[in-house]
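Report on one structure; see the data block that follows.
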């Protein structure tokens, strides 16, 4: 996965700077403990191997979609999460390549289907669609709180 792609660009991880910056761990679908957190990962629908993540601790949960198109793994990860950080790169009717990214509508539908507490929209690419229209599309499908996430934003889970 990532190690191979980075090595192709920057050279061998054993001979270059990668080993000084990154610790590579192979992910497999399932749940493991990381410090106080229970971490669940599932492979999501993207052309390269990509995993969505769910973090749980103290009865609270955060689900993260990663780059994905619609898939059942996404719904499982987000099921009843307090917050769902979900990418929404495109609008319906735009040039959204199949099997790559979600639209605002699809993010809202996933949040509603999973019964999440709050939808946090990320991976908003203005060249691919208007963030305000993405927000409106998601809000039209999900009745809970929806936010457009910006760099530096903080949320209490």
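Taken together, the values in this text are just the output of simple stated rules run on the coordinates, not laboratory data. Computed from a predicted model, the values in this text were never measured in an experiment. Counting neighbours? That spans all protein chains shown, and the Cβs are built from the backbone with ideal geometry, glycine included.
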Practice item. Only bridges with both residues in the chain count here: give the DSSP antiparallel percent, nearest 5. Key: 60 percent
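Per residue, what volume in Å³ does the Cα convex hull of the chain take up?
133 Å³
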Exercise for review: Provide the gained length on full extension for the span residue 49 to residue 23, in nm with one decimal, where the gain is 0.36 nm per separating residue minus the Cα-Cα distance.
Suggested key: 7.6 nm
Practice item. Measure off 7 Å from each Cα along the Cα-to-Cβ vector at residue 100 and residue 79, then give the distance between these two points in nanometres to one decimal. Key: 3.1 nm
Point to revise | P(r) histogram, all alpha-carbon pairs of segment 101-157 included - 10 Å bins from 0, percent | key: 25, 56, 19, 0
Review point. By what distance, in whole Å, do the Cα atoms of segment 20-92 stretch along each of the three principal axes, largest value first?
Key: 40, 34, 20
Exercise for review: Set the Förster radius R0 to 25 Å, insert the Cβ-Cβ distance between residue 112 and residue 31 as r into 1/(1 + (r/R0)^6), and round the FRET efficiency to 0.05.
Suggested key: 0.50
